[in-house]
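I have placed the structure first, in the form of structure tokens, so that the comments after it can refer back to it.
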Amino acid sequence: MRGSVTRFLVRALLVGLCLVHTAFADISVRARLDRTQARVGDPVDLAVEINGAQNTPAPSLSSPDGLSVRYVGPSTQVSIVNGQMSASVTHHFSVAALKEGTFTLGPIRVEYNGKTYDAGTVSLQGLAAGARAPAQGGAPSGEQLRLVMSTPKTEVYLHERIPLTVKLLVGNVRVADLQYPTIAGDGFGLDKFPEPQQRQEQTAQGAFQVVDFATALTPLRSGSLTVGPVKMPLSVLTRRRGGDMFFDQFFGAERRPLELQSEALTLTVLPLPDTGKPADFSGAVGHFDFEVKAAPLELNVGDPVTVTMTIRGVGNLENVATPAIAASDALKVYPAQAQAGHSAQEKVFEQVVIPQQMGATLPELRFSFFDPETRAYQTITRPAIALTVRASAQAQAAPQIVGAAPVVAPTPRSETLGRDIVFIKDAPGEFTPIGARSYRSVWFWLYQPLPLLGWIAAVLYDRRRSRLRGDVRYARFTRAGREARQAIAAARSVLQAGNQAAFYDAVARAVSEYLSAKLDLPPGSVTADTAAERLRARGLSPQVAGELQEFFATCERVRFAPSASSDGDMQRTIERADAIVQALERERGLARSMAALAALALLAGIAVAATSESPNTVFFHANGLYSEEHYADAAKEYERILSGGRDSANLYFNLGNAHFKAGDVGRAILNYERARRLIPRDPDVHANLEYARSLSDPAEETPIYARLLFPLAERMSSDELLIAASVAYTLLMLLLTVGRLMAPAQRTAFVASAGVAVVLVLALSSGVYRLLTLDLPTYAIVVAPTEQTVRFEPSANGTAHYAAKPGALLRVVAEREGWLQVARFDNQRGWIEAAAVAKL
């Protein structure tokens with residue numbers, strides 16, 4: 001251990017002596033290319049080596065016609081051979097031929113210490129792009145570093161997916177900075193390279209480390225197809241000049257950039273034959289298996305069956321269409337959906353099928369593909385799947401008169417012929433957690449101060465920038481602290497040098513100039529008494545004023561008695577100067593810290609996470625029940641989704657239809673109103689709600705002033721209005737900021753901000769009006785099957801005030817023990833039983 005340390009110290013001493021020696025030694029220069037032949041566009045390393053110095057500048061090289069020259073950087077070396085020390089620096093350039101031919105670069109000259117040294121000339125021969133790459137001189141032999149691309153066969157079919165391997169063989173060399181290979185060419189598709197595999201392989205040339213990059217290639221056109229060549233950039237590690245392992249360990253081996261290139265592959269791509277092509281062939285090429293499952297196999301009429309079709313194997317499945325069950329009188333089908341999360345060699349499709357009658361059977365399914373091994377088309381047929389379909393559990397209900405009361409016989413009324421509600425929605429729409437609205441989101445409101453704070457910051461920055469340019473006193477005051485700290489730091493360096501007189505002059509001048517700027521005193525007029533008096537007048541602590549007077553007294557004393565000062569006095573003096581500046585700067589720093597803490601407090605929030613379960617199957621099942629006129633069962637299925645905590649506008653619409661068809665007008669209006677709040681522009685919702693209300697109490701019309709002042713309130717939801725207002729507000733703040741900070745764009749930004757401000761006012765005012773009149777107040781709908789009495793007091797014996805029909809819209813004012821105080825649109829108030837209504 002002691003011997004190792006000794007050798008290290010000796011070597012370090014020799015390195016230092018070498019660096020001193022090279023400052024006085026003469027130098028020699030030479031230039032060399034790592035190879036003299038290269039394909040057009042391939043880079044070659046030009047090394048200009050300078051022996052005898054390490055701090056020489058890079059030679060200036062021009063780019064002659066036909067050559068591209070780019071400086072890469074220097075590398076330095078120190079060598080000790082037989083007790084002789086030498087130092088050198090090598091400047092590397094990347095040189096590439098731009099066309100075929102032989103090109104000469106030079107003469108190459110190096111300027112050092114007023115002398116010019118000639119490194120000679122170099123020549124590079126540019127070969128055609130398709131020519132075989134020559135072995136690189138000075139680089140590893142092609143036998144020790146090779147790149148090989150291969151495929152299991154060269155005759156393939158169109159769209160056949162074949163393995164492709166890129167193999168890097170590394171012999172008795174060291175490499176680094178490996179990058180993924182790139183394959184030139186077009187007319188084929190490549191899978192992404194996965195993580196490479198490393199192994200050892202014994203060849204006729206010896207043992208090699210092998211790095212395998214495996215992917216898959218898919219031809220996209222027929223005919224002759226050229227793949228490659230493959231290129232791979234890397235670096236070759238070589239010892240520095242002198243071959244000293246000590247310097248390789250501590251300064252690193254020299255890295256020489258290199259780009260390996262393989263031979264190109266030529267594939268013969270055969271077109272798919274037309275003979276024997278099945279009618280249902282959709283482009284699958286390879287060898288596959290096809291599997292079909294269905295569940296449940298025993299069910300009632302109108303219940304859904306999920307058919308799962310799986311295609312797996314080896315080949316190209318990217319654009320394959322799934323076999324699908326066609327609709328018929330016995331089967332109602334929905335489009336097949338691809339399932340995510342499967343590998344490239346497996347595709348899974350699901351299709352929902354609803355039997356419409358007893359005895360229904362799932363038909364046989366076929367999948368066809370082309371097998372390159374047999375050079376023929378193959379078809380896999382899966383037999384029909386028998387279902388046990390029972391009659392529906394609910395007997396067919398007799399037709400009901402919409403809106404009729406179950407106890408009292410309905411009064412005959414004339415009906416408009418052909419009038420009915422619009423049919424249910426086929427798609428469920430986007431399911432979201434119940435009650436998830438932007439105006440209830442913490443993150444939405446936490447975001448709103450940010451654009452305003454950004455604009456305020458821009459205004460403050462612009463005002464400070466303008467003031468620094470126009471107010472000399474303010475600029476001097478603002479920069480005083482920074483300049484004082486720099487001057488005190490300079491005085492510390494003088495203190496370390498031991499120059500007592502220069503130190504006291506520097507530190508006294510630093511504090512004097514600082515106080516002159518802070519107290520607005522003329523330069524050179526700062527004294528201990530005047531400064532202390534002004535600081536006391538500004539409320540500074542007497543202790544700081546006393547420190548200031550003692551500081552100036554010490555500086556004055558040293559001028560007349562230099563020998564009275566010691567190193568300890570000088571150290572205390574500079575500490576006292578630093579404390580004075582810090583004490584005066586602390587007041588402004590505290591204000592900035594408080595402002596920063598306030599800004600951070602505005603960004604604090606609570607993350608809200610939600611999990612959900614997809615209710616699509618239940619929705620489709622409910623739609624099937626509705627189509628079979630099982631309206632009560634359909635309503636229960638729709639409500640099952642709501643009980644799971646998810647809702648959508650289409651779900652409320654379909655639920656309203658189911659209740660309406662079942663004769664429950666109150667609950668139909670309840671769900672139509674819920675849908676109208678989410679999709680206020682939907683014509684189907686408006687049509688069904690208007691029809692249902694014609695059988696109940698009429699709704700209050702929007703006042704004319706509201707339609708004029710808030711034109712968007714009835715056409716957009718609250719979320720849409722608030723998000724639109726937030727976007728406009730953000731854009732307005734951005735435009736104002738640009739106009740404030742960028743003078744050339746000021747006029748354009750202010751004109752654009754005026755238009756954005758109009759949009760902001762319209763969206764924000766309409767959104768606020770809608771929130772205050774529709775979303776924030778609590779409303780309830782009468783859902784009891786008969787008229788309900790609204791009383792003057794919350795008691796069954798209270799005096800009747802007025803009657804509310806099923807579907808009547810009431811505003812909730814208060815609640816008390818099973819009763820709700822409600823107000824009609826004409827503001828008539830009363831109490832109604834809570835069980836007779838449902839809140840929106």
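The values are calculated or read from the model by the stated rules, or taken from the named source; none is laboratory data. Since we're looking at a predicted model, the values are computed, not measured. Here Cβ is always computed from backbone atoms with ideal geometry, including for glycine, and neighbour counts include all displayed protein chains. Areas reflect the complete protein model, heavy atoms only, side chains present, ligands, DNA and RNA absent. Shrake-Rupley method; radii C 1.70, N 1.55, O 1.52, S 1.80 Å.
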Quote the FRET efficiency, to the nearest 0.05, computed for ALA279 versus GLU430 with a Förster distance R0 of 35 Å and r equal to the Cβ-Cβ distance.
0.40
Any chance you could check the Cα centroid distance between segment 725-748 and segment 790-840 for me, in angstrom?
51
Exposure of LYS839 as accessible area (Å², to 10), given a probe of 1.4 Å and all protein chains
80
Output the peptides 368-381, 754-767 sorted from most to least packed, where packing is the average of other Cβ atoms within 10 Å over each peptide's residues.
754-767, 368-381
Highest to lowest packing among 640-650, 105-115, scored as the average C-beta count within 10 Å:
640-650, 105-115
With the calculation restricted to Cα positions, what are the radius of gyration and Dmax of segment 682-840 in angstrom?
22.2, 77
Surrounding net charge for ARG829, when Lys and Arg each add one and Asp and Glu each subtract one, Cβ distance under 12 Å
+1
Burial-style ranking of 808-814, 740-746, 255-261, average other-beta-carbon count within 10 Å with highest first, yields 808-814, 255-261, 740-746
Once the Cβ-Cβ distance between LEU450 and THR102 is put in as r, and R0 is 60 Å, what FRET efficiency do you end up with, to the nearest 0.05?
0.40
Once label points are set 7 Å from the Cα along Cα→Cβ at both ARG482 and ALA757, what is their separation, rounded to one decimal in nm?
3.5
If a/c stays under 1.5 just call it rounded; otherwise compare a/b with b/c (prolate if a/b is bigger, oblate if not). Do that for segment 287-383, with a ≥ b ≥ c from the square roots of the Cα gyration tensor eigenvalues.
prolate
Run the paramagnetic zone check for GLU373: 7 angstrom along Cα to Cβ, then residues of segment 272-287 with backbone nitrogen under 20 Å.
272-273, 283-287
Label zone at ASN113 (point 7 Å along Cα-to-Cβ), backbone N below 20 Å, segment 49-66:
49-60
Tabulate in residue order the Karplus-calculated ³J(HN,Hα) for segment 670-679, using 6.51 cos²θ - 1.76 cosθ + 1.60 with θ = phi - 60°, rounded to whole Hz; enter x for Gly and Pro.
3, 7, 5, 5, 5, 5, 5, 6, 8, 10
Modelled label-to-label distance, ARG30 and SER224, 7 Å Cα→beta-carbon offset: nm?
4.7
Check: C-alpha center segment 216-234 vs C-alpha center segment 263-301, spacing in Å is 25
Karplus-derived HN-Hα couplings along segment 683-694 (A = 6.51, B = -1.76, C = 1.60, θ = phi - 60°), whole Hz, x at Gly and Pro:
x, 5, 4, 5, 5, 5, 5, 5, 5, 5, 6, 5
Descending accessible area (1.4 Å probe), largest on the left, turns TRP455, TRP445 into TRP445, TRP455
Given 20 °C, 1.002 mPa s and a Kirkwood radius over Cα pairs, the Stokes-Einstein diffusion coefficient of segment 633-728 in µm²/s is 147
Plugging the Cβ-Cβ distance of LYS192 and GLN144 into 1/(1 + (r/R0)^6) at R0 = 45 Å yields, to the nearest 0.05, a FRET efficiency of 0.95
Segment GLU298-GLU263, length gained on full extension (0.36 nm per residue, minus Cα span)
6.4 nm
